[in-house]
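This report concerns only the one structure given below.
What follows draws every value from the coordinates through simple rules; no lab data is involved. Since the structure is predicted, the reported quantities are computational estimates derived from the model, not experimental observations. For neighbour counting, all protein chains shown are included, and Cβ atoms are generated from backbone atoms with ideal geometry for every residue, glycine included.
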Amino acid sequence: MRKQAFQLLKVIVVFPCLLFLAASSSFAEESGYIDIGSRRELFVDNYLIDSLDGVRLKLHHPRDEGPVLKFDKPWEGPFCGYVTVIKDRDKYRFYYRGLPQAGRDGSSGEVACYAESTDGIHIVKPRLNLFAVKGLKSNNVILANAAPVHHNFSPFLDTRPGVPTGERFKALGGTQKSGLIAYVSTDGVRWKRFREEPVFTKGLFDSQNVSFWSDSEQCYLCYFRTWTGTGYAGFRSVGRTTSKDFVHWTEPVEMSFGDTPREHIYTNQTHSYFRASHIYIAVAARFLPGRQVISDEEAKIVNVNPNYFKDCSDAVLMTSRGGNVYNRTFMEGFIRPGIGLQNWVSRSNYPALNVVQTGPDEMSLYVQHDYAQPTAHLRRYSLRLDGFVSLNAPYKGGSMTTRPLVFTGKELVLNFSTSAPGFVRVEIQDAEGKPIPGYSLDEARELIGNYIEHPASWKNGTDVSALAGRRVRLRFVMKDADLYSFRFLRKESIGQPSDY
């Protein structure tokens, strides 16, 4: 008995994050309902869906807004990569590897660079005067002479409650030889080593290895490069480990991609979505080694490095709700390579880490272009808020019914758009699927227009507080419309300006 108790205690200590998640999921499954509280829910997967009738999940593609950052300084160059963007209050911070000439991972020619913006659109490179590089100290370099950390230096803003000011920013970087080495910073510009020895060593790390604090799992998460074969063989893939203190990490687990074809995932870029922290968005780089699109002659025309045009890549959308499972609801490309030969070279079209809000109804993501070319740069792409995927209804209409839910709040607000003749109507049913009087389809008002937040309403108004805490189903009846997300919330919160 003592031995069994000790083993249980060991599990609780070593795997607290996994137990926290497993307990929540198990309770939802055993109780027969999902407690969504007042969380915003997106239709990036089938988690909430019980039945579809004439509607479908539709992947939306970001709009190319053009170049925002050129990698044109002597210490930057054609092989800049592994970009991270962080929205820190009223400032957008950009981090990336500077590398003028190709070389081994972690070579002495690499540095970590920094740029910033007040709107996420107009980006400047401050003269920081922290490190002398190529004889110049007036530069935007935030880390040098720290090989191999700056090869894939990837920071995040630590949102853990009570985090010390000096550790407000954290970062990981390194290779298989060095392990992942942790850095911390107060201001996101001046960095110091968190501890001398690496904090995690059980991976190959030959990519951007990303980390963040998870509010939903109450621990730090790290998603890092693995391979499916021995050593650097098989498919490039993703592993996951968790930590309570950013120093001691659990035994890693391989991420699962469900029943989908295996593909090379070069960078995973997994992060907590800023409007729904329990949903992790991964705008990943999909790499196709040996899939050559442009010829030797065409490669000379675009002036790409001779070693970097015999493969191609694009961006795909993956999501997770915790644990070691990615949902690949869509195998199709999320961001396709653009028009022009320069977009079809090796290791181009790699997304930056994180999606950030850049307007009242807009969010942005950033993608590297023209890799291994003199014109290497970063481009901005935009989507409406929550606009990764929608529940889409054609002109002839259709409906979706959720699994049983329990919520808290006074109003149900939707993020949706319709055509002029289109609409969305909401029926609230009991757990058995019977319409609840006052909230039936016949009593539901048609919602018409294009809104980020708009309350559902019935003949008696918008108040649903009488149903809070009760097991219910939502039935969305739609025509020529897209529904991106929904949320139950306090009435007084609706219409308040967004802080972006």
Once the in-chain neighbours fewer than 8 apart are removed, the lysines whose Cα is under 27 Å from LYS434 read LYS396, LYS410, LYS459, LYS479, LYS491
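If you average the sequence gap of Cα pairs under 8 Å that are 6 or more apart and divide by the length of segment 79-209, what percent do you get for the contact order? Present the calculation step by step, with values, prior to reporting the outcome.
Working: 313 pairs, mean separation 24.1, N = 131.
Rounded, it is 18 percent for segment 79-209.
Take every DSSP beta bridge whose two residues both sit in the chain, then give the antiparallel share in percent to the nearest 5.
Counting only bridges with both partners in the chain, antiparallel ones make up about 95 percent.
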Loop-resident chymotrypsin sites (Phe, Trp or Tyr not before Pro) in segment 393-432 with no more than 10 other Cβ atoms inside 10 Å, DSSP not H/G/I/E/B, are TYR395
Relative contact order in percent for the chain (Cα pairs under 8 Å, 6+ apart) equals 16
Straight-line reach check, LYS300, cutoff 27 Å on alpha carbons, 8 or more apart in-chain or any other chain, hits among lysines -> LYS70, LYS73, LYS310
For segment 322-374, shape from the Cα gyration tensor axes a ≥ b ≥ c, cut at a/c of 1.5 then a/b versus b/c, turns out oblate
Burial-style ranking of 125-133, 254-262, 78-86, 376-384, average other-beta-carbon count within 10 Å with highest first, yields 78-86, 376-384, 125-133, 254-262
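Just order 465-472, 289-296, 338-345 by mean Cβ neighbour count inside 10 Å, highest at the front, would you? Intermediate results must be reported in sequence, preceding the final value.
Values: 465-472: 15.8, 289-296: 13.0, 338-345: 18.0.
Going from most to least packed, we get 338-345, 465-472, 289-296.
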Treating only Lys and Arg (+1) and Asp and Glu (-1) as charged, each at its beta carbon, one finds that the chain has a dipole about its Cα centre, in Debye to the nearest 20, of 1000
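I need PHE235, PHE71 ordered by Cβ neighbour count within 10 Å, fewest first.
Details: PHE235 15, PHE71 28.
Lowest to highest Cβ neighbour count: PHE235, PHE71.
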Kirkwood calc, segment 304-421, C-alpha pairs only, radius in angstrom 17.7
Between ILE142 and residues 5 or more places away or on another chain, the pairs with built amide H atoms under 5 Å apart involve ALA112, CYS113, TYR114
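Please say if the chain is rounded, prolate or oblate, where rounded means a/c under 1.5 for a ≥ b ≥ c the square roots of the C-alpha gyration tensor eigenvalues, and otherwise the choice is prolate for a/b larger than b/c and oblate otherwise?
Values: a/c = 1.87, a/b = 1.48, b/c = 1.27.
Cα axes put the chain in the prolate bin.
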Amide H proximity to HIS264 below 5 Å, modelled H, separation 5+ or other chain, gives PHE287
Across 10 Å bins beginning at 0, the whole-percent shares of Cα-Cα pair distances in segment 117-265 come to 10, 35, 33, 18, 3, 0
